[in-house]
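Notes to accompany the following structure.
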Amino acid sequence: MTLKSVSEPLLAHLRAQLPDGTLRAPQPHHIEEPRGRFFGSGKETLALPRTTLEVATILRACNAAQVPVVPFGGGTGLVGGQVMENGPTPLILSLERMNRIRAVHPLENVIVAEAGAILSDVQAAAEGVDRLFPLSLAAEGSCRIGGNLATNAGGVNVLRYGNTRDLCLGLEAVLPTGEIWHGLSRLRKDNTGYDLRGLLVGSEGTLGVITAAALKLAPRPASVGTALMVVKDPEAALKLLALARDYAGEAISAFELIHRQGLDFIAETLPDIRLPFPRPPEWMVLVELGMAKGADAALETLFAAGMEEGLLSDGLTAQSDAQRAAFWSVREHIPVANKRIGSISSHDIALPLSVIPEFIPRAGERLASLGKFRINCFGHLGDGNLHYNVFPPRGRRRSEFLNKREEIKYLVHDMVQEYGGSFSAEHGVGRLKTGDLARYGDPTKVAAMRAIKAALDPNGIMNPGAVLRD
């Protein structure tokens with residue numbers, strides 16, 4: 001089916017059915033990806049519906065007119081899923097006005113939120129009833145729940161609570177034809193056929209528009225302990241994680257691997273951020289435990305055991321909420337510093353835990369054959385998600401090395417494939433990685449994905465060019 005650009009007859013039809021002010025010109029952030037890799041034309045029309053029925057009206061009309069629709073959440077995605085550069089001019093569908101917390105059920109540990117709700121507002125609503133919504137991202141002050149669900153966002157607490165898909169009980173969504181799926185169930189057991197919830201979560205707006213979700217809450221840990229521990233290398237970090245599980249079990253909320261290069265970048269670009277050690281160690285881990293009681297004591301026991309096993313050489317335990325926040329501030333500012341330095345090629349990869357200690361040095365050795373680079377490898381060691389980013393040598397600019405970007409990317413991703421990993425751990429495929437999906441994806445899986453797309457979106461209007469290469 002050939003798609004068509006947004007036209008005045010379509011807009012006139014929509015204006016007649018929608019409240020005044022629903023359609024308008026997009027703002028710059030609606031048509032530009034945060035890293036500046038994808039740009040819209042500026043000719044798009046922005047739709048700002050207030051209700052699920054209005055979303056259905058918009059999709060029904062666009063489907064009939066064969067006009068592409070790009071769903072838009074908070075615009076924080078890093079793989080271009082929210083910006084359509086090529087092809088006919090789309091209608092951008094932003095859920096930012098659909099931002100209500102519809103209900104909170106503390107006895108059920110459930111919150112029902114509309115897709116446009118900002119993540120930090122959902123967290124605050126949960127905190128208001130002494131509960132925790134555990135999804136936590138650096139962009140939580142601006143990303144929206146619909147986008148988190150559409151990309152199956154991860155974050156720092158996946159080790160304990162899982163990805164966004166694991167936190168979702170039910171969905172309300174509008175299919176490309178304008179039909180509304182009333183799947184906003186709060187049930188934890190509902191074994192009645194295909195899992196449409198699981199299918200729409202992670203589909204990146206290519207199968208429909210999520211309008212609301214029933215999300216799991218968790219008890220707020222009464223005792224939280226946070227520590228920075230200096231380890232010899234990633235192998236020692238992995239052994240420390242195993243030791244932590246022996247001592248703390250499922251109480252480990254986060255286990256972040258940090259390399260010296262990240263701290264060096266912070267010192268170079270963000271001098272106001274206070275670093276925890278006068279001389280940055282080569283490797284360290286940020287560990288957080290959430291327990292009913294005794295989290296600090298458990299960390300002290302873990303530190304003593306790690307020292308006895310020869311895994312640790314130094315460490316700091318947060319003595320206050322302010323110090324805990326300072327530890328996390330260092331971790332959260334690593335991507336900020338990375339952006340200021342300017343990477344040649346960034347990689348959001350996942351690996352089986354046991355191969356990580358071998359992968360990291362081997363990847364560095366292979367990259368050295370292409371040139372002298374700085375590598376900042378950090379991330380969520382507890383769930384195998386590493387951010388493996390390659391930068392120019394000090395004093396050089398990334399623009400000098402852009403001719404090597406593809407070669408670097410394929411070297412890293414080929415190695416990830418060799419080790420049984422994934423080229424996209426938590427950021428999704430978007431438009432940036434459609435070639436990677438074609439190169440590394442299982443052919444049977446990709447064929448099944450295309451069949452599902454054709455069945456639910458026969459006119460191909462939903463976010464064309466995202467996930468599946470045209």
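The values are calculated or read from the model by the stated rules, or taken from the named source; none is laboratory data. Only a predicted model underlies this, so the values are computations on that prediction, with no experimental measurement involved. Here the Cβ is made from the backbone with ideal geometry for all residues, glycine too, and neighbour counts use every protein chain on show. Ligands, DNA and RNA are excluded from the accessible area calculation, which covers all protein heavy atoms including side chains. Shrake-Rupley method; radii C 1.70, N 1.55, O 1.52, S 1.80 Å.
Overview of results
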quantity: Scope region 229-264; condition in a strand (DSSP E or B) and aromatic (Phe, Trp, Tyr); matching residues; calculated: Phe255
quantity: Condition met for Ala267 (open to solvent by less than 10 Å² (accessible area, probe 1.4 Å) and more than 18 Å from Ala236 (Cβ to Cβ)); calculated: no
quantity: Sole exception among (1) closer than 25 Å to Pro352 by Cβ; (2) within 26 Å of the chain's Cα centre (by Cα) for Lys239, by number; calculated: (2)
quantity: Qualifying strands (runs of 3 or more DSSP E) (wholly inside region 147-228; at least 1 residues being open to solvent by 50 Å² or more (accessible area, probe 1.4 Å)); calculated: 180-183, 209-216
quantity: Test: residue in region 417-432 that is open to solvent by less than 10 Å² (accessible area, probe 1.4 Å) and touching a strand residue (DSSP E or B) at 6+ places or on another chain (Cβ under 7 Å); calculated: no
quantity: Ala267 at pLDDT 95 or above, of a type in the set (A, V, I, L, M), in a helix (DSSP H, G or I) and within 18 Å of Ile360 (Cβ to Cβ); calculated: no
quantity: Near pairs, Cβ below 7 angstrom, 6+ apart or cross-chain, from region 268-296 (over 19 Å from Gly382 (Cα atoms)) to any residue that is of a type in the set (A, V, I, L, M, F, W, C) and in a loop (DSSP other than H, G, I, E, B); calculated: Ala292/Ala222; Lys293/Ala222
quantity: Those helices (runs of 4 or more DSSP H) lying entirely in region 402-469 with at least 3 residues touching a residue at least 24 places away in the same chain (Cβ under 8 Å) and more than 20 Å from Ile360 (Cα to Cα); calculated: 434-440, 443-456
quantity: Positions within region 211-260 being over 9 Å from Leu289 (Cβ atoms), of a type in the set (A, V, I, L, M, F, W, C) and free of Cβ contacts under 8 Å to residues at least 60 places away in the same chain, in sequence order; calculated: Ala242
quantity: Per-region count, region 288-324, residues closer than 27 Å to Ala218 by Cβ, open to solvent by 60 Å² or more (accessible area, probe 1.4 Å) and out of contact with any strand residue (DSSP E or B) (no Cβ under 9 Å at 6 or more places or on another chain); calculated: 3
quantity: Members of region 76-107 found to be within 19 Å of Glu172 (Cα to Cα), assigned to a loop (DSSP other than H, G, I, E, B) and either without any contact (Cβ under 8 Å) to a residue 12 or more places away in the chain or among the acidic types (Asp, Glu) (or both), listed by number; calculated: Glu96
quantity: Residue list for region 276-287, filter: modelled with pLDDT of 95 or more and open to solvent by 50 Å² or more (accessible area, probe 1.4 Å); calculated: Glu282
quantity: Check on Glu288, among the acidic types (Asp, Glu), out of contact with any Phe, Trp or Tyr (no Cβ under 7 Å at 6 or more places or on another chain) and not in a strand (DSSP E or B); calculated: no
quantity: Selection count, region 351-397, where residues are assigned to a strand (DSSP E or B), surrounded by 21 or more Cβ atoms within 10 Å (Cβ to Cβ) and not aromatic (Phe, Trp, Tyr); calculated: 9
quantity: Residue check, Gly40 within 26 Å of the chain's Cα centre (by Cα) and open to solvent by less than 50 Å² (accessible area, probe 1.4 Å); calculated: yes
quantity: Condition check for Leu53: within 18 Å of Ile210 (Cβ to Cβ), open to solvent by 40 Å² or more (accessible area, probe 1.4 Å), outside any loop (DSSP other than H, G, I, E, B) and at pLDDT 95 or above; calculated: yes
quantity: Boolean, Arg60 is open to solvent by 30 Å² or more (accessible area, probe 1.4 Å), in contact with a Gly (Cβ under 8 Å, 6 or more places away or on another chain) and part of a loop (DSSP other than H, G, I, E, B); calculated: no
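Each row is one residue, and each column tells you yes or no for (1) touching a Leu at 6+ places or on another chain (Cβ under 9 Å); (2) more than 26 Å from Pro134 (Cβ to Cβ).
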{"residue": "Leu257", "(1), (2)": "yes, no"}
{"residue": "Phe265", "(1), (2)": "no, yes"}
{"residue": "Asp272", "(1), (2)": "no, yes"}
{"residue": "Arg279", "(1), (2)": "no, yes"}
{"residue": "Trp283", "(1), (2)": "yes, yes"}
{"residue": "Ala292", "(1), (2)": "no, no"}
{"residue": "Leu299", "(1), (2)": "yes, no"}
{"residue": "Arg324", "(1), (2)": "no, no"}
